[in-house]
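Working notes, beginning with the structure itself.
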Amino acid sequence: MPSNASKPALCLVVMGPSGTGKTTTAKLLSQRLGWKFAEADEFHPKANIDKMSAGIPLNDEDRAPWLASIRDWISDEAGMGESTVITCSALKRRYRDILRGAEARVRFVELDAPEGVIGDRLALRKGHYMPPSLLASQYADFEPLEADEDGIKVSVEQDPDGVVSEALRQLELLRPEMLRAL
């Protein structure tokens, strides 16, 4: 039996438009918490990747099976007593509602930065299928977390360790040994 089976499984969804640092933040959170990490981009069907690679924004119909597969992964891991950290743009509330349908407590970590800051980052990024030209469409679709959603907002205009430390503080997930390391 997993050691954390006595506590309900928790999933942190690190969210925001492309280029906000979701992968870096989620990997660091996963390492600090000792939880399993997943990259939502790996759940996209090939048709979605092809579409984005061609500079065509995804629509809600494209995203539906992708979001369902992420939700199901969260539930599968929770069913084994595992807490997880996953990246997912989760740009719209209705997308987050699908993820909240998982058999776990799903909390969101919204990474926040002005579009210009993220545009500069994307211009420097190499080897990712998401072209910088789609950033404007992501910001146009983006619906920030609302007060009744289980989540927090963290500015990414600081180094990755600062982002993660702030997220853990706001989520009240800092363990005593983590406080000593800060």
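The values are calculated or read from the model by the stated rules, or taken from the named source; none is laboratory data. The model shown is predicted, which means the values in this text are computed figures rather than measured ones. Because the Cβ atoms are built from the backbone with ideal geometry, glycine has one as well, and the counts that use them run over all protein chains shown. Please note that ligands, DNA and RNA were not included when accessible areas were found on the heavy atoms of the full protein model with its side chains. Shrake-Rupley method; radii C 1.70, N 1.55, O 1.52, S 1.80 Å.
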| said: Run through the range 25-123 and list the trypsin sites (Lys or Arg not before Pro) located in a DSSP loop whose Cβ has at most 11 other Cβ atoms within 10 Å. | reply: none
| remark: Under the 7 Å Cα-to-Cβ spin-label approximation, Glu42 and Glu103 lie apart by a distance in nanometres of 2.2 nm
| remark: Per residue, accessible area of the range 30-100 with a 1.4 Å probe, heavy atoms of protein chains only, in Å², comes to 44 Å²
| Long pairs among Lys7/Lys36; Lys22/Lys153; Lys22/Lys46; Lys46/Lys92, criterion Cα-Cα beyond 18 Å | Lys22/Lys46; Lys46/Lys92
| request: Quote to one decimal, in nm, the extra length available between Asp76 and Asp62 on full extension: 0.36 nm per residue of separation minus the C-alpha distance between them. | output: 2.8 nm
| note | Here, Asp150 and Leu174, labelled 7 Å along Cα→Cβ, have an inter-label distance in nm of 2.3 nm
| Cα-projected label distance for Asp159 with Lys92, points at 7 Å along beta-carbon direction, nm | 3.9 nm
